[in-house]
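Okay, so here's the structure we're looking at.
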Amino acid sequence: MITIIRKELADYFTSLRCLILFILVLLASAAGLYAAYEGIRGVDISSGFVFINLFITSGETIPSLVTFIGIFVPIIGIALGFDAINREYSTGTMSRILSQPIYRDSVINGKFLAGIITLAIMVATTLLLVSGFGLRMIGVPPSAEEIIRLFIYFVSIVIYGAFWMGLAILFSIIIRNLAISLLASLAVWLFFGFFYTMLIVPAVAKTVDAYLVLVRLSPNTLFDEATMAMLLPQSRGLGLLASGEVSYMIPNPLPLGQSLLIVWPQLTTMIGLAVVCFAVSYIVFMRQEIRAT
Amino acid sequence: MDKNIVLETQDLTKRYDGNMVVDHLNLHVAENEVFGLLGPNGAGKTTTILMLLGLTEPASGSARVFGFNSTREPLKVKRLTGYLPERLGFYDGLTARQNLRFIAWLNNMADDEAEKQIDQVLEEVGLTEKADTAVGKFSRGMKQRLGVADVLVKKPRLAILDEPTAGLDPEGINQVLDLIANLPKMGTTVVMCSHRLYEVQRICHSIAILAGGKLVVEGALDELGREALAEGRYRIEVETAELSPQLVEIIGKIKGVNKVEAEGNFLHVTTDSDLRAAISKVVVDNGVALTQMKVQEFSLDDIYKKYFKEG
């Protein structure tokens, strides 16, 4: 399996696709930094966290880095996974690999792990680049707690990306046509990104509780909430609060442990979704028959 | 049977959506021979191969390769077997060498051993100069030859080749066929599918013909040829300088000769066994110059036609 991971990684890093993705990531980092540069002077730093504002501050017209990441990570995940299996079939390499003395599951495990490694490298690059340039820009070093918060944010990005990649790999197993498999993944992403939270849930949900339950079925919402809790310690809870309750809130940041407590369900649900995607892909792939022609 | 059977199937059966694709197939391939698997398109050849490699599960029956059950122990089978798929593909972005290296790695070959083996097989298929060219730039024929290299790189004891000469030019076909014909000497048994009968006739020792998933006939090529041509007898063609009726009579009296037909200076002798030595002696003893003599060649076309007319 290590051989397959090695080969997949070599494939990814030498491919034009990865180059394009890296350029996108760099542009997003630059845009996020510029947004922070524009907006960071007006930020309220009474919370005691300065460094983290680099990531969540938006400029006058440019959205913040976390917004960029929220949009780009699913695209990167889908781009890494949508042709994982069906390209092997369409180029005829699958039967050649499977006739070697390896277990069939090492093919899909290898692809999944190589994808996660690539994803992690890209995300880490972005975060480190922004941190480095940001440090020069504002001159305030991150506190230990901020570093831990950023790290958890990093982990949640990778999990979120892994979910989309798992979904894309699943489509690449079920759908033989490359373009249709890509389209299917993008359709799911658009559905959750726009229609689900903006149109369907508000129309269906009758109560606030129902709204929260439904909206949290969407991986996008889960990720946004996890981001908010980790990088915006001032937000003391997720979801909707009655205006009466808001007036009782003390405007100081939550400690790290409490923030973690808030996002724990979101993180585990995202892990669960990613695992489900992978498990279904695994089962379908293992049961898929190699046929003549 | 005195020969070592390396591949055998017992009532191997496969259905796709209720259609019998392979129907109670019993094949036997002896060690160090070139075995040809023939049959029209859709006869179940490729499906049979996939079952031999354990890539597809049979509905019933079993296949054994080197004594390992293909369905239960596919890894052991695949370690010893190289497979050239009909629609073969490579990673276009990688060079020929990198493609082969990947296969060598998957077979757990040590790095230096793999490099040596890669150099050797690339030379055998005549691709040494293209070793570091991306496969995407290869022509169809070069890819096909790389496919053969790809099978050989793992030093298989059994090579299963599905249409190994598809897309090659005549010269390429000859090279590949020579290469395949040499494999048994190096201890590799070959099973090959092909539609080109003359290729099969040239290099195969035994053949099996499939039709509609059923075995039509299996056996050694020369025996089947004689059967198709003269109901199992030899036909010997004798050309002499001049032909006398006495000579025809004398030859007809040799033990084992069934029939002698004269036609100009030619004699067509039908015999039970290869009696060329006895016939030539008789001809020369009678003071007649013997111009040439040969066992009449059958062609695989005859075999093929015979069984498909009957089938």
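Among the residues of the range A:267-289, those that are within 14 Å of chain B (Cβ to nearest Cβ) and surrounded by fewer than 20 Cβ atoms within 10 Å (Cβ to Cβ) comprise A:MET286, A:ARG287, A:GLN288, A:GLU289. Out of the residues in the range B:48-80 that are in contact with a Phe, Trp or Tyr (Cβ under 8 Å, 6 or more places away or on another chain) and in contact (Cβ under 8 Å) with a residue 60 or more places away in the chain, state the one that is nearest to A:ARG96 (Cα to Cα). Out of the qualifying residues, it is B:LEU53. The residue that is farthest from the other protein chains (Cβ to nearest Cβ), counting only those in the range B:92-112 that are part of a helix (DSSP H, G or I) and without any contact (Cβ under 8 Å) to a residue 40 or more places away in the chain, is B:ASP112.
A quick yes/no check of all residues on (1) part of a helix (DSSP H, G or I); (2) in contact (Cβ under 8 Å) with a residue 40 or more places away in the chain; (3) of a type in the set (Ser, Thr, Tyr); (4) under 30 Å from A:VAL284 (Cβ atoms):
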position	(1), (2), (3), (4)
A:ALA28	yes, yes, no, no
A:TYR34	yes, no, yes, no
A:PHE49	no, yes, no, no
A:SER95	yes, yes, yes, yes
A:PRO101	no, no, no, yes
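Which pairs have Cβ atoms under 6 Å, sit 6 or more apart or on different chains, and link a residue in the range B:126-139 that is among the hydroxyl-bearing types (Ser, Thr, Tyr) and modelled with pLDDT of 90 or more to one that is surrounded by 14 or more Cβ atoms within 10 Å (Cβ to Cβ) and in a helix (DSSP H, G or I)? From residues that are among the hydroxyl-bearing types (Ser, Thr, Tyr) and modelled with pLDDT of 90 or more, the pairs are B:THR128/B:LEU122.
Which one is surrounded by the fewest Cβ atoms within 10 Å (Cβ to Cβ) among residues in the range B:64-91 that are more than 7 Å from chain A (Cβ to nearest Cβ) and assigned to a loop (DSSP other than H, G, I, E, B)? It comes out as B:ARG72.
Take B:VAL34 and tell me if it is more than 24 Å from A:ILE5 (Cβ to Cβ), touching a Phe, Trp or Tyr at 6+ places or on another chain (Cβ under 8 Å) and away from chain A (no Cβ under 13 Å). So B:VAL34 does not fit the description; no. Among residues that are closer than 30 Å to B:ASN4 by Cα, free of Cβ contacts under 8 Å to residues at least 40 places away in the same chain and either within 14 Å of chain A (Cβ to nearest Cβ) or within 20 Å of the chain's Cα centre (by Cα) (or both), B:GLU199 is included.
Would you say B:GLY61 is assigned by TED's automatic domain parsing to the domain that holds B:LEU210, in a strand (DSSP E or B), within 22 Å of A:GLU289 (Cβ to Cβ) and at pLDDT 90 or above? Considered against the rule, which asks whether it is assigned by TED's automatic domain parsing to the domain that holds B:LEU210, in a strand (DSSP E or B), within 22 Å of A:GLU289 (Cβ to Cβ) and at pLDDT 90 or above, B:GLY61 comes out as yes.
Checked against (1) more than 14 Å from chain A (Cβ to nearest Cβ); (2) in a loop (DSSP other than H, G, I, E, B), B:GLY167 meets all criteria but (1). Might you let me know whether the range B:2-20 holds any residue that is buried (at least 24 other Cβ atoms within 10 Å of the Cβ), under 23 Å from the mean Cα position of the chain (by Cα) and either more than 12 Å from chain A (Cβ to nearest Cβ) or modelled with pLDDT under 90 (or both)? The answer is yes, given that some residue of the range B:2-20 is buried (at least 24 other Cβ atoms within 10 Å of the Cβ), under 23 Å from the mean Cα position of the chain (by Cα) and either more than 12 Å from chain A (Cβ to nearest Cβ) or modelled with pLDDT under 90 (or both).
The values are calculated or read from the model by the stated rules, or taken from the named source; none is laboratory data. Every value quoted in this text rests on a predicted model; they were computed, and no experiment measured them. Ideal geometry is used to build each Cβ from the backbone, glycine not excepted, and the neighbour counts take in all protein chains shown.
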